[in-house]
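Inspection log for the structure reproduced underneath, given as structure tokens.
The values are calculated or read from the model by the stated rules, or taken from the named source; none is laboratory data. Just so you know, these numbers come straight off a predicted model, no measurement behind them. Note that each Cβ is placed from the backbone with ideal geometry, even for glycine, and that neighbours are counted across all protein chains shown.
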Amino acid sequence: MGLTLVLALTGLRLVLGPVLVLMAYRGAAGAPAVALCLTAFASDYCDGVLARRFGVDTPAVRRFDSATDTVFFLCAAWAAWLLHADLLRPWAWMALAVVALECARYGFDFMKFRREAAYHAWSAKAWGLSLFAALVTLLGFGSAVPLVPLALALGIVADAEGLAMSVILPVWTHDVKNIAHARRIRAAHGAAAFDSVRLPAGVPVLVLAPHPDDFDAIGVTMRLLHGRGHALHVAVAQTGASGVDDGFCDPPTAEAKATLREGEQRASLAFFGLAAERLRFLRLPEDAAGHALVDAANTAVVAALLREVRPAAVFLPHGHDTSVGHQRTHALLQAAVEAIRAGGEAPALTVFLNRDPKTIGMRFDVVTPYGEPEAAWKGELLRFHRSQQERNLRSRGRGFHERILEMDRDTAASCRLSAPYAEAFELERFDTPSARA
């Protein structure tokens, strides 16, 4: 029943398009044309909503929806030209650019994927909305400016982005939001499950967390390693005091904020089940903005930590990130390994660089998929960081745990996993004194 209703709504536009052309040939415009366009818009909106609600938004349905939109808008363009060629002629070059890009996209998609794309990107949605608005004003009121040139400009942008996404994507994929989403899908193509990663039994694992809470963002993977019997060590590089709102801490001093955040980390790790002696706060000297200095003294501290723990694996957020703290912690790790090498030692360790909401770009080499029970547990773990929970609620309108879980949902979707969530990592290996892969 659900699929039939969705297909009927989508197919309605296949009927409305030719009807609009027939009306144009008869010189009919005004209210009837506006009513037809609004009906087409309603069907376009409702078929997507109902497809998701009934769980029938399959690749075939999405392709049919995209093809139907193309047919309807081609008919609408034909009708608009028949009725208002004089108004549209100044913008004909933009219309030709859209047609050329559409043809290029279809040709490229069929050559690469053997089928047409069905991205339903945000830019395409904006274009579709502007086209409906332009049609209403043009057919209903005989006005072309400013909506017609605006719609054509958005069409050029949307088609250019769609072509770029087709170039980026390694395989045919539907429902891709934008170029950044396409790049994440490409990065995730062929990612291995963390279950396939087998570190030697019982070897130490170090989490070099830039701030209190970075351990918890990869809590499911850490729980997996803890369950395998690995000795987890957590070293928090920076105080994270700058991440606490003044109103959340009394007195709102840097020391009080640092103590607060350290207390939150201790509480979350007690809930996790990690022994208190496995947690240390490095409190690396920071600059005026509260970011760890990348200097010889801090490099020596991290190098001493690596010599003491001798981990087979180190986990930390990816350095290609808008967070300066994440950038510098990654840089300090690299500098510390180089310093150890310079002393004649050859540390053999694998670095797992995890995705964070602020990560700009990374490969997805390894992912840890997980389900709703694990998500509920991870949410509880993250909520121990009350200062970050409140700060995110105030500045972003959602809790800290919601922000992390939403990212993990996006990772799972990008990797086309059956699990609803996943933590993602890029691997960086230090194997010999002179080579890093």
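Would you confirm, using the coordinates I've provided, whether R184 is of a type in the set (D, E, K, R), buried (at least 17 other Cβ atoms within 10 Å of the Cβ) and over 21 Å from V34 (Cα atoms)?
Values: of a type in the set (D, E, K, R): yes; buried (at least 17 other Cβ atoms within 10 Å of the Cβ): yes; over 21 Å from V34 (Cα atoms): yes.
Criteria met by R184.
Considering only region 157-176, how many residues are surrounded by fewer than 19 Cβ atoms within 10 Å (Cβ to Cβ) and out of contact with any Lys or Arg (no Cβ under 7 Å at 6 or more places or on another chain)?
5
Select, from V294, V203, V197, the only residue that is of a type outside the set (S, T, Y), more than 26 Å from R396 (Cβ to Cβ), touching a Pro at 6+ places or on another chain (Cβ under 9 Å) and surrounded by fewer than 20 Cβ atoms within 10 Å (Cβ to Cβ).
Details: V294 fails: touching a Pro at 6+ places or on another chain (Cβ under 9 Å); V197 fails: touching a Pro at 6+ places or on another chain (Cβ under 9 Å).
Selected residue: V203, the only one of V294, V203, V197 that is of a type outside the set (S, T, Y), more than 26 Å from R396 (Cβ to Cβ), touching a Pro at 6+ places or on another chain (Cβ under 9 Å) and surrounded by fewer than 20 Cβ atoms within 10 Å (Cβ to Cβ).
Mind listing whichever residues of region 306-321 are of a type in the set (D, E, K, R) and buried (at least 22 other Cβ atoms within 10 Å of the Cβ)?
Result: D321, single match.
Answer yes or no: is there a residue in region 295-304 that is under 30 Å from A201 (Cα atoms), within 27 Å of the chain's Cα centre (by Cα) and not acidic (D, E). Steps first, please.
Going through region 295-304, the residues under 30 Å from A201 (Cα atoms) turn out to be 299-304.
Within this subset, residues satisfying the condition of being within 27 Å of the chain's Cα centre (by Cα) are none.
Looking for residues that are under 30 Å from A201 (Cα atoms), within 27 Å of the chain's Cα centre (by Cα) and not acidic (D, E), one finds none in region 295-304, hence no.
Of the residues M94, M23, only one is of a type in the set (A, V, I, L, M, F, W, C) and over 18 Å from L139 (Cβ atoms); which?
Result: M94 is the single residue among M94, M23 that is of a type in the set (A, V, I, L, M, F, W, C) and over 18 Å from L139 (Cβ atoms).
Restricting attention to region 353-366, does a residue exist that is touching a residue at least 24 places away in the same chain (Cβ under 8 Å), of a type in the set (S, T, N, Q) and within 23 Å of F400 (Cβ to Cβ)?
So far as region 353-366 goes, yes, one or more of its residues are touching a residue at least 24 places away in the same chain (Cβ under 8 Å), of a type in the set (S, T, N, Q) and within 23 Å of F400 (Cβ to Cβ).
From the list A231, A288, A276, exactly one residue is within 30 Å of P373 (Cβ to Cβ) and out of contact with any strand residue (DSSP E or B) (no Cβ under 9 Å at 6 or more places or on another chain). Which is it? If you could, list the steps in order and put the result at the bottom.
Values: A231 fails: out of contact with any strand residue (DSSP E or B) (no Cβ under 9 Å at 6 or more places or on another chain); A288 fails: within 30 Å of P373 (Cβ to Cβ).
It is A276.
What is the residue count in region 379-401 for residues that are surrounded by fewer than 21 Cβ atoms within 10 Å (Cβ to Cβ) and within 16 Å of R355 (Cβ to Cβ)?
0
State which residue is farthest from L405 (Cα to Cα) when the search covers only region 189-245 and only residues that are at pLDDT below 90 and of a type in the set (D, E, K, R).
Restricting to residues being at pLDDT below 90 and of a type in the set (D, E, K, R), the top hit is R198.
Does region 107-148 hold any residues that are more than 21 Å from A180 (Cα to Cα) and surrounded by fewer than 16 Cβ atoms within 10 Å (Cβ to Cβ), and which are they?
Of everything in region 107-148, those that are more than 21 Å from A180 (Cα to Cα) and surrounded by fewer than 16 Cβ atoms within 10 Å (Cβ to Cβ) turn out to be G107, F110, M111, R114, R115, L129, F141, G142, S143, V145, P146.
Among the residues of region 6-34, count how many are assigned to a helix (DSSP H, G or I), closer than 14 Å to A76 by Cβ and of a type in the set (G, A, S).
Of the residues in that region, 3 qualify.
Looking at T68, is it among the hydroxyl-bearing types (S, T, Y), under 27 Å from L169 (Cα atoms) and surrounded by 14 or more Cβ atoms within 10 Å (Cβ to Cβ)?
It is true that T68 is among the hydroxyl-bearing types (S, T, Y), under 27 Å from L169 (Cα atoms) and surrounded by 14 or more Cβ atoms within 10 Å (Cβ to Cβ).
Out of the residues in region 202-217 that are of a type in the set (A, V, I, L, M) and under 19 Å from A275 (Cβ atoms), state the one that is nearest to the chain's Cα centre (by Cα).
Among residues in region 202-217 that are of a type in the set (A, V, I, L, M) and under 19 Å from A275 (Cβ atoms), the one nearest to the chain's Cα centre (by Cα) is A209.
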